[in-house]
Amino acid sequence: MKEILNIGLRPLLIGLISIGLSMPAVAAASSKDAPRTASVQKKSSKAVAKKKVKRPSTASRKKASSRVSRYGKRRAPVARMSVAERQRLAALANLPHRIGPTEIFQAPEAGASLSLQSRAAVVMNAETGEILYSKNPNRTMPIASITKLMTAMVVLDARLPMDEPITITQADVDTLRHTTSRLTVGTTLPRNEMLLLALMSSENRAAAALARTYPGGTAAAVAAMNRKAHELGMPNTRFLDGTGLHTENSASPADLVRLVKTARSYPDIQRYSTTSEHVVYARGRPLSYRNTNALVKNDSWHIEISKTGFINEAGKCLVMQARINSTPVVIVLMDSAGRYTRIGDANRVKQWMETALKQDGDSIATSDASL
């Protein structure tokens, strides 16, 4: 009986033993694979997270949507403008000299019409006084740094020593518009170099120092400027300072023609205002300055006097006397909007005079109009 049981149970015991021996191996395999599976899942979750991070931001989506309209058409992105900035621009656009009808005259003998972007302009034959073109010639408007022509004239009229050293003081610093300058407080230059910088590169502190060192000070200089404007027959002209930073420094384009013609008679103003570049030595270091009118370096132009100006209320301004077809011509361009508009208008005037006006020898045909 015992032998029978041994024979019957032996296969069963062998089977159980084999099953028991195989179970740790399976468990070991499962425990070995578990971390690997978890790490794979962890990596996959990180990959998903990375993909989520790479989604386009709100700013980029807005940028992309600004380029293409809902109809699939490309459109330029529109920059956001603050309410205060919109109000400021609206106020500038509604200044008195920027509203109202536009009055234009041009010489009837011109073969083609002249179209200028400047809000006001005058083109006059400086020899005969004949008006070849005008646009709002009697409209009073801010003149910005065109003021410095008158500052220079009254300083030269006073016959002050041009080699006298002038030192920039705190009184010359612009506290109205907070414009910058490389002429730091304490910088000393001779009066003639201050005059050169004021006319050539429209240096505000140099102009302020010239007025301040006028006999009697800035107030006396401004009084002399207004007095001279009256003597020259400039009824719409008013000066409050020697730099042009005040909006109240104003004149009409017709007045500025007289200013340019008179300034042309001063050799120093003629020379300094048409100098293309100059280096001054302030406190032992060189300072390089360039003319604010790029046309003075243009070989196709023969400019005898030049001055630019800009403040927000005045726009970009340019006055010149130049020879075109051997004829001296006064060009006044006021309140140009774009950076290069006044230069473009000057070139348009030159081209118009060279091609559209009838010529009689070297002189431009006459007109009955006058300022």
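Values quoted throughout were computed directly from the atomic coordinates according to the rules given, and no laboratory measurement underlies them. Keep in mind the model is a prediction, meaning the values are calculated, not measured. Note that we place each Cβ from the backbone using ideal geometry, even for glycine, and neighbour counts take in every protein chain shown.
A few notes on this one:
- 19 Å tail of the calculated P(r), the range 87-175, as % of Cα pairs: 65
- Computed over Cα pairs, the Kirkwood radius of the range 137-211 leads via Stokes-Einstein (1.567 mPa s, 4 °C) to a diffusion coefficient of 100 µm² per second.
- ³J(HN,Hα), Karplus 6.51/-1.76/1.60, whole Hz, each residue of the range 242-250, x for Gly, Pro: x, 9, x, 6, 6, 4, 6, 5, 9
- Sparse packing (at most 13 other Cβ atoms within 10 Å of the Cβ) combined with a DSSP loop state is found for the following GluC sites (Glu not before Pro) in the range 91-156: E103, E127.
- Summing charges over neighbours of E304, with a neighbour being any other residue whose Cβ is under 11 Å away from its Cβ, gives +4 when K and R count +1 and D and E count -1.
- Summing charges over all other residues whose Cβ lies under 14 Å from the Cβ of A220, with Lys and Arg as +1 and Asp and Glu as -1, gives +1.
- Label-to-label distance, nm, for residues given as I104 and M81 (7 Å Cα→Cβ offset): 2.5
- Kirkwood Rh (inverse of mean 1/r, distinct Cα pairs), the range 87-364, angstrom: 19.0
- Length added when fully stretched, S113-T169, from 0.36 nm per residue minus Cα-Cα: 15.1 nm
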